[in-house]
Each structure stands twice: as C-alpha cells, then as structure tokens.
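Throughout, read-outs are computed from the coordinates displayed, never taken from laboratory work. All values derive from a computational prediction rather than experimental measurement. Every residue, glycine as well, gets a Cβ built from its backbone with ideal geometry; the counts of neighbours run over all protein chains shown.
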Amino acid sequence: MILNVHQATFSYHKTPVFQHLNLTMDTQGIFCLFGPNGCGKSTLLECLLGYLTLDAGDIHWGQKSLKKMKPQEVARHTAYTPQNHVKSFPYTVLQVVLMGRAAYQGLFQSPSQEDEAMAWEALKAVNMTHYAHTPYTQLSGGESQLVMIARALVQDTPVIIMDEPTAHLDFRHELIVLETIVKLVKEQGRSIIMSTHFPNHAFYFENAGVPIQVALMEKGDFTAQGSPREVLNETNMRDTFGVRAHMVHYGEDTDNTYTQLIPLSLLPRPSTDGGDQGERMIT
Ligand SMILES: Nc1ncnc2c1ncn2[C@@H]1O[C@H](COP(=O)(O)OP(=O)(O)OP(=O)(O)O)[C@@H](O)[C@H]1O
C-alpha cells in the first residue's frame, strides 16, 4: 500500500473543509484529484505532507502513520511542488533546486558534487539549465513552476505530491511536465499524487499506459473514485461542473488508443441563493 487516508477531518478556524474522508492508493502509479475551485484539494495535499494537521482521522504512508514520522523522514519520502511559491530571497535557480537535497544534509553541510550533479540533471529534465544562475525572483510563473518540479526531483523521494503542476505553463512546457511525470512513474517507479483542473491530463496518463486512479472531490467529499473513464465521464462533468462534455475515443482498433474529453457548453445550474436562475449559456 502506498497511501491510506482514513476518516480524515480538517477545518480552518472551525470552518470544516472535509470530514471523514477516506482514500486508498494501493499500487504505485498516479493518483489524480479533481474538483471545483475551493473544494479542498490543496488542503488535503497539505495534510498528506504534514504541513496541516488533521482534526481527526489518520494518514498512513505505507504501514507508517504520518503522526509517527519526523519531518526529515517525511521529506525523504514525499516531495512537494506547491501551487504558489513565495519568492523571498534572490537565490539562484540552481541554489533553489539544491534546497531539495536539504533532507539529506547536516545542518551546516554544503551540497556535495553529487548533489550538484543531481540538480543539473533535474534542471535538464524540465528544460531549465539555461536559467541555473538566474535569480529565482526574476522568473515568470511558469518558469518558477518548472524549478519547483526540479527541486522535487532532486529530493529523490518515492512519492511526489504536485498541486496543479501545469498551472501557468505554455503548451510545450505543459507537455514536458506530463512527460516527466510519465517517466518518473514508468522508469523510476515513483508515485505521483496530484491535483489538476484538466481531465485530459488523466486521459494523457491513461493513454501513456501509466497506472492511474482518479478521485472527484466536491465540497470536501469524494463523489467518485476509479479509472479516468469511470470518473471523468459526461454525467459527472455535468453534475459536478455544470458542463456538457463529450468523451471521444479514437484509434480503438490500433495499438494506440486515445481518450479525450471535449467541453461543449455550460449547462444551467440551480443558483446557490435558492432560485433556479442558471448561468449564461454559450450556444
Ligand atoms: N489558510 C486558510 N484559512 C482559511 N480558509 C482557507 C485557507 N486556505 C483555504 N481555505 C478555504 O478552504 C477551502 C478549500 O480550499 P483549497 O485551497 O483546499 O481548495 P482547492 O480545491 O485546492 O481550490 P483550487 O482548485 O481553487 O486551488 C476553500 O473554501 C478556501 O477558501
């Protein structure tokens, strides 16, 4: 077992985000969290890292309870790429990536040659070597995102948690990240737990032959869990997002089959203030 979340409950200042949440990741691969803005995905991911503490319930990494893991042990097991990273000091990109090695260094120890070689390798994987000596504070949102991914790679953990890893990325860099994730899972045997707003990311992984499990979260609860095709279907897109979508499969009778979800139009939804006003429809 990779991860088990049992009866997890969390509130911010007495406002509940989720209650009695359960999830299990049995096998190595990808676990993809979907759900509307504000449903609790980032909060759950931060609980998995121990950055936030559950009010009740348990999280187990393998057989070990997160409550019994020291911060360094968590850092050697689970790396993290946050959705937003506060840039405080003008460290160079290379220095920021090397921070991913902190879990393996003593308090006053400098990075070794091996650490540096790993950092260069990670920058190469995300196509960012040319920025190695640039102050991190001068990077764009998308470039910073790639540096955070490189930092997670050098942390050399069996699990990487990624909060919307392709936010801010252009068409090419989005694919670099998706391909990197596929390689991490297939070639290095790592597991990825990630949130994304794009159903086609899950289908991309499925199409690439990566073991993938998907969970749909709504208002702090899981409304569906299973394969991308089972969870990210037209009915769930309608019920969860109020979006009419169409799932297409092509190449079914060849070795290369692809599935994609095409968003077609908005559907009227009961308004949250009681009336059935619906939203403006694009026809
Ligand atoms: N530090 C905080 N203090 C109080 N409430 C918070 C805090 N962070 C998040 N929330 C609230 O908790 C709820 C869940 O937020 P969270 O960021 O986990 O959602 P999310 O599903 O990741 O959203 P998004 O898709 O927009 O990133 C939201 O209602 C949010 O306003």
Quiz prompt | FRET E, pair residue 112, residue 73, Förster distance 22 Å, beta-carbon r, rounded to 0.05 | solution = 0.55
Self-check item: Calculated P(r) tail over 21 Å for region 169-261, as whole % of Cα pairs
Solution: 36
Quiz item: So what's the projected area for region 19-134, the Cα convex hull averaged over all directions, in nm²?
Solution: 9.7
Exercise. Could you tell me which helices of the chain pass both thresholds, a Cα extent of 15 Å or more along their own axis and a mean Kyte-Doolittle hydropathy of at least 0.0, with helices taken as whole DSSP H runs?
Key: 141-154, 171-186
Quiz item: In debye, nearest 20: dipole of region 10-123 around its Cα centre with unit charges on the Cβ of K, R (+) and D, E (-)?
Solution: 360
Practice problem: Taking the Cβ of residue 168 as the centre, find all other residues whose Cβ is under 15 Å away and add up their charges (Lys, Arg: +1; Asp, Glu: -1). | Solution: -3
Quiz prompt | Charge tally in the Cβ shell below 11 Å around residue 85, where Lys, Arg are +1 and Asp, Glu are -1, residue 85 excluded | solution = +1
Practice problem: Go from 0 up to the bin containing the longest alpha carbon distance in the chain, width 10 Å each, and give me the % of pairs per bin. | Solution: 6, 26, 33, 24, 9, 2, 0
Quiz item: Using unit Cβ charges (K, R positive; D, E negative) and no other charged atoms, how large, in debye to the nearest 20, is the dipole of the chain about its Cα centre?
Solution: 660
Quiz item: Where the centroid of each part is defined by its Cα atoms, how far is region 99-159 from region 24-83 in Å?
Solution: 22
Self-check item: Base-10 log of normalised Debye intensity for region 117-246 (one unit scatterer per alpha-carbon) at q = 0.11, 0.21 Å⁻¹
Solution: -0.44, -1.26
Quiz item: Using 7 Å Cα-to-Cβ label points, what is the residue 83/residue 15 separation (nm, one decimal)?
Solution: 1.4
Exercise. Any chance you could run the full-extension gain for residue 265 through residue 127? It's 0.36 nm times the residue separation minus the Cα-Cα distance, nm to one decimal.
Key: 46.1 nm
Exercise. Would you mind estimating how fast region 57-187 diffuses translationally, via Stokes-Einstein at 20 °C and 1.002 mPa s with the Kirkwood radius over Cα pairs, in µm²/s?
Key: 140
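Tell me what the chain gives for mean residue ellipticity at 222 nm when only DSSP H runs of n ≥ 4 count, each as -39,500 (n - 2.57), the sum divided by the residue total, rounded to 500 deg cm²/dmol.
Taking each H run of at least 4 residues, the total per residue is -8500 deg cm²/dmol.
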Quiz item: What does the charge add up to near residue 43, with Lys and Arg as +1, Asp and Glu as -1, over the other residues with Cβ less than 15 Å from its Cβ?
Solution: -3
